[in-house]
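Okay, structure first, notes after.
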Amino acid sequence: MELFDAITQRRTHRGEFRADTISQEHLDRLIEAAQWAPSPFNTQPWEFLIIREPAGKNALAELTAECVVGQFKDSTFLDDNSRWMRLTEAEWEERGDGVLLTDHVDLPPMFRKDPTKLKPLLKHAKHLSILGHLGAGKLPAKEISELVRTSPLLILILMDNTRRPPGDGGERWMWLGMGAAIQNLLLTATGLGIGTQFVSAPLERQDDRDRIQDGFNIPDSHEIITLLRLGYLDASHGKSVRLPSTTVIRRESY
Ligand SMILES: Cc1cc2nc3c(=O)[nH]c(=O)nc-3n(C[C@H](O)[C@H](O)[C@H](O)COP(=O)(O)O)c2cc1C
């Protein structure tokens, strides 16, 4: 696959993957691609915790479910979320940013036909936390947790803080290097027909990150940067949107 095609065809995959395991050859390729990313002073602060066995997957799936249930009860989270939720494909395309609500949750039948009916509710999304307290988060939590549990491969991406470059900006530059490594991995996956999804819910809060740190024996010197789920795809890439480039380019001076 051409590099530019991989860049523009990479998508976040929020559905099921094929059940077959990722081959060792392909996994090696993903990690090698990540390792060739630039990093400050060539510090290469990344490590990759590969999870293929049910025990690790189950633990992360359970924690994800718990965290999603918590997010549905959290009025601030819901309010912040609503800013980026698009109710219809038309709105999503017109705005050119955010995520499609129906890609994230299965809507109740009354809203399925016309999701715009949700508009007034989203405007006051923080009040939806009442529904969260009544258990509204349980269904989406179960769905995402099931996706985590059944993914052929999970990767916890770690940053080794002992490999910090010099200077006040050290941590900042390390994070940039981590981003470059992750993108190399995602693009290589796209070229190999492997779908990927960031799973941020179990990593939002320090307490939850600590639980993962303990559960997977990750030393204190290492920071969990993200969790990815991966698997082969049957269908080709789905839809995404971007802002027009004219809105992100400034010339000569802001
Ligand atoms: C740091 C980071 C965290 C993300 N967390 C999630 C997540 O928890 N769940 C999810 O479905 N997508 C997550 N995404 C994917 C974005 O929602 C996605 O990249 C964006 O909507 C654009 O869609 P695309 O990747 O298909 O082009 C994350 C992306 C990044 C870079």
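The values are calculated or read from the model by the stated rules, or taken from the named source; none is laboratory data. Not measured: the values here are computed from a predicted model. Note that each Cβ is placed from the backbone with ideal geometry, even for glycine, and that neighbours are counted across all protein chains shown. Keep in mind that these areas ignore ligands, DNA and RNA; they rest on the heavy atoms of the full protein, side chains included. Shrake-Rupley method; radii C 1.70, N 1.55, O 1.52, S 1.80 Å.
Would you check the accessible area of D5, probe 1.4 Å, heavy atoms only, in square angstrom rounded to 10?
About 60 Å², ignoring ligands and nucleic acids.
May I ask you to derive the relative contact order of the range 63-152, considering only C-alpha pairs under 8 Å and at least 6 residues apart, and to give it as an integer percent?
48 percent
From the helices alone, meaning DSSP H stretches of at least four residues, give me the mean residue ellipticity at 222 nm for the chain, per-run term -39500 (n - 2.57), in deg cm²/dmol to the nearest 500.
Roughly -13500 deg cm²/dmol at 222 nm, from the helical runs in the chain.
Using Cα pairs closer than 8 Å and at least 6 residues apart in sequence, work out the relative contact order for the range 195-254, in percent.
After rounding, I find 41 percent.
Run the 1.4 Å probe and let me know the accessible area of H127, rounded to the nearest 10 Å².
110 Å²
Compute, for I194, the solvent-accessible surface of its heavy atoms (probe 1.4 Å) with the complete set of protein chains present, and express it in square angstrom to the nearest 10.
About 10 Å², rounded to the nearest 10.
Select from A235, A59, A201 the residue whose mean-square fluctuation is largest in a Gaussian network model of the chain (Cα-Cα springs shorter than 10 Å).
So, out of A235, A59, A201, the one fluctuating most is A235.
Pick from A90, A141, A19 the residue whose mean-square fluctuation is largest in a GNM of the chain, springs joining Cα atoms under 10 Å.
Looking only at A90, A141, A19, the largest GNM fluctuation is found for A90.
Rounded to the nearest 0.05, what FRET efficiency do D168 and E32 have when you use their Cβ-Cβ distance and R0 = 45 Å?
My answer for the efficiency is 0.90.
Which value, in debye to the nearest 20, gives the size of the charge dipole of the chain about its Cα centre, when Lys and Arg are +1 and Asp and Glu are -1 at the Cβ?
780 debye
Keeping every protein chain present and rolling a 1.4 Å probe, give me the accessible area per residue for the range 75-222 in Å².
Averaged over the residues of the range 75-222, the accessible area is 56 Å².
Could you order Y254, Y232 by accessible surface area, starting with the largest, using a probe radius of 1.4 Å?
If we order Y254, Y232 from most to least accessible, we get Y254, Y232.
Just by accessible area at a 1.4 angstrom probe, what is the order of M110, M159, M85 from largest to smallest?
The ordering from most to least exposed comes out as M110, M85, M159.
Pop a pseudo-label 7 angstrom from the Cα along the beta-carbon direction at both N217 and L3 and give the gap in nm to one decimal.
3.9 nm
May I ask which residue of G195, H127, G177 lies farthest towards the positive end of the charge dipole of the chain, with charges of +1 (Lys, Arg) and -1 (Asp, Glu) on Cβ and the Cα centre as origin?
H127
Report, to the nearest whole %, how much of the accessible area of the chain belongs to carbon and sulfur atoms, 1.4 Å probe, protein only.
With neighbouring chains kept in place, the figure for the chain is 52 percent.
Using the Kyte-Doolittle scale, find the helices of the chain whose mean hydropathy is at least -0.5 and whose Cα atoms extend 30 Å or more along the helix's long axis, counting only whole DSSP H runs.
Qualifying helices, which must be both long enough and hydrophobic enough, are 170-191.
For the chain, just the Cα atoms, rotate onto the principal axes and tell me the three extents in Å, largest first.
Here the spans come out as 53, 51, 42 Å, largest first.
Would you rank D220, D103 by solvent-accessible area, highest first, keeping every protein chain in place and using a 1.4 Å probe?
Largest accessible area first, the list is D220, D103.
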